[in-house]
Amino acid sequence: MDDLSTIRSEALGAVAAAADLGALDAVRVAALGKKGSVTGLMKTLGGLAPDARREFGARVNQLKSEIEAALEARKASLGASALADRLAAEKVDVSLPTRPDFANWGQGTLHPIGQVMDELAAIFGEMGFAWAEGPDIEDDWHNFTALNIPPDHPARQMQDTFYLPPRADGTPMVLRTHTSPVQARTMLDKAVQKMLADGGSLRVIVPGRTFRLDSDATHTPMFHQVEGLVIDRTTHMGHLKGCLVDFCRAFFEVDEFPIRFRPSYFPFTEPSAELDIGCSWKDGELRIGAGDSWLEILGCGMVHPRAIANCGLDPAVYQGFAFGMGIDRIAMLKYGIPDLRSFFDSDLRWLRHYGFSALEWPSLTQGLGR
Ligand code: PHE
C-alpha cells in the first residue's frame, strides 16, 4: 500500500517536473515501461491470494490510468509550448536583404506568357483598353449561346470542348474554349450598360486561360488567348483594322510589318476576318517580317447584332469589333520559342533561358500612332 502511494507521488511529481517531451517520455518508461515501477507492482499480483489480488489489482490499474492521464495532459501542454518555441525560433525576417551569394542563383524570371501579357497591357492600355477577366469554368450559355452559337449549331464542333458535370441547378458547364464569353459578361454588366447609355465607349482586353481537347507541338489542352472588345455607336471595320495593325507593329517591333486580313467565319462576328502576319522560313527557322509566307495569329470581326442583342444591348444603337488572339502563339513568334509544350514543362533551364527580368518593363509603345 505504501509502495503504491510512494510510486504515485513520485510519478506524478516527475510528470509535472518534466521540462520537455524527451524527459516526459523517460518518466513514462520509468513508471509504465517493461521495467517500470507500476509494471513492477503488476508483477507482484500473481503472488497474492485471490481476494487481495482483486483489490490490489484494481488499485494498481487505477494508478496506471491516473499516471497515463497525467502524461497525456503534460504532453499536450509541452507540445503546445514546444510549437510556440519552434515558431519563435524559426521566425523568418522577410524584410532582411538577400545574402550577396544568393543573388547569383536565387533570381527568378518572368515566364514569357506573363511578359507578353504585360506587353499587351502596355500597348492596348495606351490605346485606351482596360483589362477584364472572367472565369475559366464557364457555363454553356456564356461560352456558346450568348455568342450566337445555339445548342445544335454546327460551330460547336469547331472547338473540341471539355464538358464538365452540370451545376446543381442543372446548368451545363464547360472549361471555356475561348475568352469570348467575357465579351458577353462585359456587355451584360450593368455599369458598362449605363456607361454606354451615357455615351461612353467600351474598350477591354481579356487575357486568360482557355481549354480545348488538343495536343501536339503547336497545341496544348490549356493555352492562352487575349480577347479584345470595343462597343460604342460608331466604331467600324476601319477602326478594327487600324487598331490591330498598330498593335502588330508595336508588338513585333518591326517596321513595314506585312499584315493581311482574310475573310473568315465566326458565329459571333459579321463580317469576320483572320489576320495573318508575314514570315519566311530560313534554314528551317521561322522569321517574322516581310517574306513569302503567312501565319495566322488572330480571328476578328464586327460583333454580330444577335450577340449584342443576347447581351441586353440594342443592336440598332450599338456596334463594335472584337478579336481573339493566341498569346502563346505570338509569344513563340516574337521570342523564337519552337515548341509550345515547353511553355508548360516548368523546366528551370528553359525558364532561365526564355524568362524575363522582373525589373524589365516593356518599352514597346514606340510603334503606336504612326
Ligand atoms: N473566339 C475565337 C476563337 O477562339 C476568336 C475570335 C474572337 C474571333 C473574337 C472573332 C472575334 O477562335
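Name the one entry in V226, V204, V245, V230 that is under 18 Å from L120 (Cα atoms), among the aliphatic types (A, V, I, L, M) and surrounded by fewer than 17 Cβ atoms within 10 Å (Cβ to Cβ).
Working: V226 fails: surrounded by fewer than 17 Cβ atoms within 10 Å (Cβ to Cβ); V204 fails: surrounded by fewer than 17 Cβ atoms within 10 Å (Cβ to Cβ); V230 fails: surrounded by fewer than 17 Cβ atoms within 10 Å (Cβ to Cβ).
Among V226, V204, V245, V230, only V245 is under 18 Å from L120 (Cα atoms), among the aliphatic types (A, V, I, L, M) and surrounded by fewer than 17 Cβ atoms within 10 Å (Cβ to Cβ).
Condition first: touching a residue at least 60 places away in the same chain (Cβ under 8 Å) and hydrophobic (A, V, I, L, M, F, W, C). Now tell me which residues in the range 2-59 satisfy that. Let's see the steps before the verdict.
Pass one, the range 2-59, residues touching a residue at least 60 places away in the same chain (Cβ under 8 Å): 18, 20-21.
A18, L21, listed by residue number.
Counting residues that are more than 16 Å from the ligand (Cβ to nearest atom) and either under 24 Å from N148 (Cα atoms) or of a type outside the set (A, V, I, L, M, F, W, C) (or both), which helices (runs of 4 or more DSSP H) fully inside the range 289-363 reach at least 2? Show your work before the answer.
Details: elements: 305-310, 327-335, 348-354.
Result: 327-335, 348-354.
When the residues of the range 298-332 are narrowed to those that are of a type in the set (A, V, I, L, M) and open to solvent by 20 Å² or more (accessible area, probe 1.4 Å), which ends up farthest from A197 (Cα to Cα)?
At the first step, the residues of the range 298-332 found to be of a type in the set (A, V, I, L, M) are 298, 302-303, 307-309, 313, 316-317, 322, 325, 327, 330-332.
So of that shortlist, the ones also open to solvent by 20 Å² or more (accessible area, probe 1.4 Å) come out as 302, 309, 316-317, 332.
Values: M302: 20, A309: 15, A316: 13, V317: 10, M332: 41 Å.
Out of the qualifying residues, it is M332.
Could you tell me whether P166 is open to solvent by less than 100 Å² (accessible area, probe 1.4 Å), out of contact with any His (no Cβ under 8 Å at 6 or more places or on another chain) and either aliphatic (A, V, I, L, M) or not in a helix (DSSP H, G or I) (or both)?
Details: open to solvent by less than 100 Å² (accessible area, probe 1.4 Å): yes; out of contact with any His (no Cβ under 8 Å at 6 or more places or on another chain): yes; either aliphatic (A, V, I, L, M) or not in a helix (DSSP H, G or I) (or both): yes.
It is true that P166 is open to solvent by less than 100 Å² (accessible area, probe 1.4 Å), out of contact with any His (no Cβ under 8 Å at 6 or more places or on another chain) and either aliphatic (A, V, I, L, M) or not in a helix (DSSP H, G or I) (or both).
Residues are listed down the side, and each one gets a yes or a no for (1) part of a helix (DSSP H, G or I); (2) at pLDDT 90 or above; (3) within 30 Å of Q225 (Cβ to Cβ); (4) open to solvent by less than 40 Å² (accessible area, probe 1.4 Å):
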{"site": "D25", "(1), (2), (3), (4)": "yes, yes, no, no"}
{"site": "R28", "(1), (2), (3), (4)": "yes, yes, no, no"}
{"site": "K64", "(1), (2), (3), (4)": "yes, yes, no, no"}
{"site": "E68", "(1), (2), (3), (4)": "yes, yes, no, no"}
{"site": "G79", "(1), (2), (3), (4)": "yes, no, no, yes"}
{"site": "A88", "(1), (2), (3), (4)": "yes, yes, no, no"}
{"site": "D93", "(1), (2), (3), (4)": "no, no, no, no"}
{"site": "L96", "(1), (2), (3), (4)": "no, no, no, no"}
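Just give me the residues in the range 163-185 being within 24 Å of I308 (Cβ to Cβ) and free of Cβ contacts under 8 Å to residues at least 40 places away in the same chain, in sequence order. Even if it seems obvious, please write down each step before you answer.
Our first condition is that a residue be within 24 Å of I308 (Cβ to Cβ); within the range 163-185, this holds for 171-172, 174, 176-185.
Across the range 163-185, the qualifying residues are T171, P172, V174, T177.
Can you name the residue in the range 145-162 that is assigned to a loop (DSSP other than H, G, I, E, B) and in contact (Cβ under 8 Å) with a residue 24 or more places away in the chain and is also most open to solvent (accessible area, probe 1.4 Å) among such residues? Before the answer, list the steps.
Pass one, the range 145-162, residues assigned to a loop (DSSP other than H, G, I, E, B): 148-153, 159-162.
Okay, now just the ones that are also in contact (Cβ under 8 Å) with a residue 24 or more places away in the chain, so 148-149, 153, 159-162.
Working: N148: 22, I149: 5, H153: 43, Q159: 27, D160: 81, T161: 15, F162: 62 Å².
Among them, the one singled out is D160.
Any residue in the range 228-255 that is not assigned by TED's automatic domain parsing to the domain that holds F323 sitting within a Cβ distance under 7 Å of a residue that is more than 16 Å from the ligand (Cβ to nearest atom) and open to solvent by 60 Å² or more (accessible area, probe 1.4 Å)? List the pairs, counting only those 6 or more apart or interchain.
none
The values are calculated or read from the model by the stated rules, or taken from the named source; none is laboratory data. All values derive from a computational prediction rather than experimental measurement. Here the Cβ is made from the backbone with ideal geometry for all residues, glycine too, and neighbour counts use every protein chain on show. All accessible areas refer to the heavy atoms of the entire protein, side chains included, with ligands and DNA or RNA removed. Shrake-Rupley method; radii C 1.70, N 1.55, O 1.52, S 1.80 Å.
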